[in-house]
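What follows is a set of notes on a single structure, which appears directly below.
The values are calculated or read from the model by the stated rules, or taken from the named source; none is laboratory data. Here the structure is a predicted model, which is why all the values come from computation and not from measurement. Positions of Cβ are backbone-derived with ideal geometry, glycine not excepted, and every protein chain shown enters the neighbour counts.
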Amino acid sequence: MSTESYREDLEQLMQLQQLDSHVYEMARLERELPKALDVFRNDLQQAEDALQSFEAKIAEQEAEVRRLEREVKLEEERIQKSNEKLMAVKTNEEYHAALKEIERAKATNKQCEDRILEIMEAVEQLQAEKTTYAEAVTTKAKTLKEKSHEVGVKCTEAKNAQVGLEDKRKNFIVRIQDAGLLKTYETLRKKMPQAIVQIYSEFCECCQMAIPPKLFYQVQSMKSVNQCPNCLRILYWHPEAEKSAQTAAEKK
């Protein structure tokens, strides 16, 4: 193969690599975008957990109120029975005993009723906080839904872009005449995003390792596939590009 033909193949390969970079980026987006939703899912889960915690506390307090109300009812029944005893007592001892039962029951009821008031005040506060967390759950659920839609649209766009790029890729491949060069490129790109690198001096632009003089001469001759001894990337040298790089360096 002539130097000119090989150079054309390398130039085609450089363009193919740019195309593959876009394909890789679209595939990365399609793969990574759904992961971005994890933040919103975690936010929603935390809000839901907090809401459930408040609901559990409220349920616990309300159960305690019901227990105390039952206790008050029992004490009221005791008071009623003790009042009935007062009507039938025959001795002072029985009379005073009945009075003590009534006082004790009333004292117990007072404690229960005070406790019920305390709990109801606490429940009222918990209900207010629960409302805040319920609103947060609604907001975060809405945000997650919106973000999921956005991600879905972007993933579809990325997937469609990949299809279009793959079609363009086929057109580039058929233009490359050196089958060995293409095979080497395809093998390398499975391991690294950048399989071919343009060099401007006796150093690999990717791994920064020095290129032996003999190999550098072979790269400049552009008659066969030459790879970096260290990173194995295909080396591509273009004299015009080297001149442009030198001119830019001199301007700095």
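Details
- Taking every residue in region 93-112 that is without any contact (Cβ under 8 Å) to a residue 12 or more places away in the chain and pairing it with any residue that is not in a helix (DSSP H, G or I), at least 6 positions away or on another chain, the pairs with Cβ-Cβ distances below 8 Å are Tyr95/Val89.
- Within region 194-204, one or more residues are farther than 26 Å from Leu19 by Cβ, out of contact with any strand residue (DSSP E or B) (no Cβ under 8 Å at 6 or more places or on another chain) and not in a helix (DSSP H, G or I).
- The residues on offer are Lys90, Lys140, and the sole one that is in contact with a Leu (Cβ under 9 Å, 6 or more places away or on another chain) and of a type in the set (Lys, Arg) is Lys140.
- Evaluation of Val197 against (1) outside the structural domain of Leu29 (by TED's automatic domain parsing); (2) exposed (fewer than 13 other Cβ atoms within 10 Å of the Cβ); (3) not polar (S, T, N, Q) (one fails), failing number: (2)
- In region 80-102, the residue that is nearest to Glu55 (Cα to Cα) out of those that are exposed (fewer than 12 other Cβ atoms within 10 Å of the Cβ) and acidic (Asp, Glu) is Glu84.
- Candidates Asn171, Asn160, filtered to the one that is modelled with pLDDT under 90, exposed (fewer than 13 other Cβ atoms within 10 Å of the Cβ) and over 17 Å from Leu13 (Cα atoms): Asn160
- Among the residues of region 115-165, those identified as of a type in the set (A, V, I, L, M), free of Cβ contacts under 8 Å to residues at least 40 places away in the same chain and closer than 30 Å to Lys35 by Cα are Val153, Val163.
- Taking the criterion of being of a type in the set (S, T, N, Q), over 14 Å from Ser224 (Cα atoms) and either in contact (Cβ under 8 Å) with a residue 60 or more places away in the chain or touching a helix residue (DSSP H, G or I) at 6+ places or on another chain (Cβ under 9 Å) (or both), the residues of region 1-18 that qualify are Gln12, Gln15, Gln17.
- Test for Glu124: is it of a type in the set (D, E, K, R), assigned by TED's automatic domain parsing to the domain that holds Phe54 and under 30 Å from Gln46 (Cβ atoms): yes
- Looking across Thr108, Thr131, one residue alone is loosely packed, with under 13 Cβ neighbours inside 10 Å, in the same structural domain as Lys73 (by TED's automatic domain parsing) and in a helix (DSSP H, G or I). It is Thr131.
- A Cβ distance below 7 Å, combined with a sequence gap of six or more or placement on separate chains, defines the contacts here; from region 43-61, residues that are touching a residue at least 24 places away in the same chain (Cβ under 8 Å) reach residues that are basic (Lys, Arg) and part of a helix (DSSP H, G or I) in the pairs Asp43/Lys140; Leu44/Lys140; Ala47/Lys140; Leu51/Lys130; Phe54/Lys130; Glu55/Lys130; Ile58/Lys130.
- Candidates are the residues of region 52-71 that are of a type in the set (Asp, Glu) and either outside the structural domain of Glu135 (by TED's automatic domain parsing) or closer than 24 Å to Val137 by Cβ (or both); the one that is surrounded by the fewest Cβ atoms within 10 Å (Cβ to Cβ) is Glu60.
- All of Ile79, Ile116, Ile102 fail the test of being under 22 Å from Gln61 (Cα atoms), assigned to a helix (DSSP H, G or I) and of a type in the set (A, V, I, L, M), apart from Ile116.
- Within region 221-252, the set of residues being outside any loop (DSSP other than H, G, I, E, B) and at pLDDT 80 or above comprises Ser221, Gln227, Ile234, Leu235, Tyr236, Trp237.
- Qualifying residue in region 174-182 (condition: in a helix (DSSP H, G or I), basic (Lys, Arg) and surrounded by fewer than 15 Cβ atoms within 10 Å (Cβ to Cβ)): no
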